[in-house]
Amino acid sequence: IPENFSTGLSKSQDILLVFNEPIDPSLVYQSITVDSNIYKIKVRGKNITIIPIKGWSSTSLINIYIDRTLQDYQKNKIENPIDLYYSFTDSIPRNSIQGKIIDIYDIINRSEYVPYLPAYYEIGLYRVSESNRELLKKVRSNNDLEFNFVALKSGTYTVAAVENKLINI
């Protein structure tokens, strides 16, 4: 709350995330990223509240990203990352880049009916301008090794995927 892709957000608006199971608070801070904003988080049962300190610093758009390390008390992690976008203006860009990682070990092991859990992949989205590449965002693949970048402005982008953690390419 408010709903994903809401516009006209107040600079002091709290964001309330409601889940169907009580959330383990020990992993909440490491699993949530909110752009370059300064915020605090309150966890109470099934609810996570993200509160801006001195208001949101973004000029037009807030992106809240929750990776797959978020879990409940039974250690069940979320299956897919959660990507939320809010705007202080009346619009949010609707362009997106979607893809799927092809992991040869995953393909071989699934075809041989060997129990195999695919690796996590971290995918970086880079904006290309002249000869520079600027890292805009990192996401993790879901259980099916798929990824999605949304709310993108028109432009030229490059995507890089690395098993586990993308540090610096």
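Here are some notes:
- Listed residue pairs exceeding 22 Å between alpha carbons, taken from K75/K138; K11/K42; K42/K153; K100/K137; K100/K165: K75/K138; K42/K153
- Length gained on full extension, L152 to D35: 40.7 nm, using 0.36 nm per residue less the C-alpha separation.
- Rg followed by Dmax, in Å, when region 116-169 is reduced to its Cα trace: 12.1, 42
- In the chain, the alpha-carbon atoms span a convex hull of 135 Å³ per residue.
- Only helices enter this figure: runs of n ≥ 4 DSSP H residues, each worth -39500 (n - 2.57), summed and divided by the residues of the chain, yield -1500 deg cm²/dmol at 222 nm to the nearest 500.
- Applying D = kT/(6 pi eta Rh) to region 6-91, where Rh is the Kirkwood radius over alpha-carbon pairs, T corresponds to 20 °C and eta to 1.002 mPa s, the Stokes-Einstein value obtained is 160 µm²/s.
FYI, it's all coordinate maths here, none of it is from the lab. Given the structure is predicted, the values throughout are model-derived calculations rather than measurements.
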